[in-house]
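For reference, the structure discussed in these notes is given below.
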Amino acid sequence: MRVTKFTHSCLRIEGDGVLVVDPGEFSERSALDGADAVLITHEHIDHLDVAAVADTAAKRPGLRVFAHAEVLPQLAAFGDIATAVGPGEQFGAAGFRVRAFGGQHALIHPDIPRVANLAYLIGDDDTNVYHPGDSFTVPEETVVGTLFVPLNAPWMKLMESIDFVRAVKPGRAYALHDALLNETGAKVSDGHLGRLSGTSYAHLAPGTTI
């Protein structure tokens, strides 16, 4: 499994096929080059660039898109390439086993309606990647090898990120949802996560492959 981190919250995962998670408007469209399947955690523009997915679907007739049922109306123009999935479901995408967790976006403010959000565990029990979307959903009774942890967002504080990593207990953790921080702020947050999360932690530059 090869995982490439793109700007903000987008991951490209390559094995027998190419799976892209959350190709949003903050991320590079090149993440979708040659994609076989796309996972969308939720409807916000930093996680779903509808135009970019449409362009990819036009070039890749076999493309499949998986998202919560509440996201599917935004994908209606794509025809039958989009499949609704929900918390607790398991399915195959681009040759990978995928399990969905959660169900709701983290609370931004009581006056802002919450939307659906799915977290995805991609891979098998030996080699897997967990992308929580905009949530701190802990995948109960699940061993996580590689966790991508949100670094900064209107809906979170750093203490929650640290406690999230501690609760998941992954083999390693990398920063996610990081485009809203400047370099100075990222160094401060990275320092705390590196010291307090209880596992190996790194902040990858966009385009880095692990």
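The values are calculated or read from the model by the stated rules, or taken from the named source; none is laboratory data. Since the model is a prediction, treat every value here as computed from it, not as a measurement. Note that we place each Cβ from the backbone using ideal geometry, even for glycine, and neighbour counts take in every protein chain shown. Note: areas computed on protein heavy atoms with side chains; ligands, DNA, RNA excluded. Shrake-Rupley method; radii C 1.70, N 1.55, O 1.52, S 1.80 Å.
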*Search result, residues across region 53-72 that are without any contact (Cβ under 8 Å) to a residue 40 or more places away in the chain and either open to solvent by less than 20 Å² (accessible area, probe 1.4 Å) or hydrophobic (A, V, I, L, M, F, W, C) (or both)*: VAL53, ALA54, THR56, ALA57, ALA58, LEU63, VAL65, PHE66, LEU72
*Counted residues, region 13-64 - those being of a type in the set (Lys, Arg) and touching a strand residue (DSSP E or B) at 6+ places or on another chain (Cβ under 8 Å)*: 1
*Is it true that some residue in region 180-195 is open to solvent by less than 60 Å² (accessible area, probe 1.4 Å) and within 17 Å of the chain's Cα centre (by Cα)?*
no
*Could you check VAL115 against (1) β-branched (Val, Ile, Thr); (2) open to solvent by less than 10 Å² (accessible area, probe 1.4 Å); (3) in contact (Cβ under 8 Å) with a residue 60 or more places away in the chain and say which number it fails?*
(2)
*If you go through region 160-179 one residue at a time, how many are open to solvent by 80 Å² or more (accessible area, probe 1.4 Å) and either within 21 Å of SER27 (Cα to Cα) or in a helix (DSSP H, G or I) (or both)?*
1
*May I ask you to list the residues in region 110-138 that are touching a His at 6+ places or on another chain (Cβ under 6 Å) and not in a loop (DSSP other than H, G, I, E, B)?*
ALA116, ASN117, LEU118, TYR120
*Of (1) modelled with pLDDT of 95 or more; (2) surrounded by fewer than 20 Cβ atoms within 10 Å (Cβ to Cβ); (3) more than 28 Å from VAL188 (Cα to Cα), ALA76 satisfies all except one. Which?*
(1)
*What pairs can you find where one residue is in region 73-89 and without any contact (Cβ under 8 Å) to a residue 12 or more places away in the chain, the other is in a helix (DSSP H, G or I), and their Cβ atoms are less than 9 Å apart, with a gap of 6+ or different chains?*
GLY79/ALA57
*Which of the residues spanning region 35-52 are in contact with a Gly (Cβ under 9 Å, 6 or more places away or on another chain) and open to solvent by 30 Å² or more (accessible area, probe 1.4 Å)?*
ASP36, HIS44, ILE45
